[in-house]
Amino acid sequence: MQEVKWLKQGAEAQLYVDEYLGQPCLVKDRQPKTYRVKELDEKIRRERTKQECILLHRAKLAGVRTPLVFKVDRQGKRVFMEFVEGPRLKDALTAKNTGWCERLGKMAGKLHAAGIVHGDLTTSNVLLHNKAELVLLDFGLGYFSKRVEDQAVDLLVFKKTFEATHFDLPQGWKAVCQGYAEACGQGAAERVFRQMEEIGERARYH
Ligand SMILES: Nc1ncnc2c1ncn2[C@@H]1O[C@H](COP(=O)(O)OP(=O)(O)O)[C@@H](O)[C@H]1O
Ligand SMILES: [Mg+2]
């Protein structure tokens, strides 16, 4: 049995490396929030964990690579999943490999076409595996919806963090949008882009 290796403290969970059937696996362990009533806290953590596993699987069915879920512990608050080797796209994306931007957009487009809203699309939640494929993580804030408004908010949050993080890739976001439209169709993409502009306008005048 290998030693459990602590990986990092995420926004809502601790992540560490353990072993599953002799293979390294990643454990996402949602920690109690002491400011919440205990029973409610347990219910929220269980629900989020369950929802995350369902979404990881459904994303896969939509053609988006996600870590394989091995098991969920009995209390339902820890997920054991495939440990994906590779850097976060946030750290790996440079002016030399902007081709990934289009692939990134395709991921988002496939999710939306399948009625999945990720809820936290950022390049911190994408790993570049073997320098060959993108793996999307962290569906902790995700949900099912086909509403244009929900898709537009999802993409707008993505745009804001993308432009702030990758300000040195001025053509990057354009490529993301191209990939997005390719995956979900020009018509659907235009509707989402228009809605994003409208949300931007609303934010400016209120
Ligand atoms: N399956 C995995 N394989 C390898 N690293 C992972 C995996 N899942 C998460 N990580 C690492 O842990 C970090 C936090 O995980 P994440 O699921 O995004 O948790 P949080 O909800 O706390 O942000 C990721 O940015 C990534 O670096
Ligand atoms: Mg995350």
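The values are calculated or read from the model by the stated rules, or taken from the named source; none is laboratory data. Quick caveat, the model's predicted, so the values are computed rather than measured. Cβ atoms come from the backbone with ideal geometry, glycine included; neighbour counts cover every protein chain shown. Note: areas computed on protein heavy atoms with side chains; ligands, DNA, RNA excluded. Shrake-Rupley method; radii C 1.70, N 1.55, O 1.52, S 1.80 Å.
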Taking the range 125-137 and the residues there that are more than 14 Å from Glu82 (Cβ to Cβ) and surrounded by 13 or more Cβ atoms within 10 Å (Cβ to Cβ), the one that is nearest to ligand 2 (Cβ to nearest atom) would be Asn125
When restricted to Ala13, Ala95, Ala62, the only residue touching a residue at least 40 places away in the same chain (Cβ under 8 Å), at negative phi and open to solvent by 50 Å² or more (accessible area, probe 1.4 Å) is Ala95
Note on Leu141: of the conditions (1) more than 15 Å from the chain's Cα centre (by Cα); (2) part of a loop (DSSP other than H, G, I, E, B), unmet is (1)
Exception for Leu169 within (1) crowded, with 16+ Cβ neighbours inside 10 Å; (2) touching a Gly at 6+ places or on another chain (Cβ under 9 Å); (3) not acidic (Asp, Glu) falls at (2)
Is there a residue being more than 18 Å from Lys60 (Cα to Cα), among the β-branched types (Val, Ile, Thr) and at pLDDT 95 or above anywhere in the range 168-180? yes
Taking first residues from the range 130-151 that are of a type in the set (Ser, Thr, Tyr) and second residues anywhere that are open to solvent by less than 60 Å² (accessible area, probe 1.4 Å), the pairs with Cβ under 7 Å that are 6 or more apart or on different chains are Tyr143/Val117; Tyr143/Gly119; Ser145/Gly115; Ser145/Val117
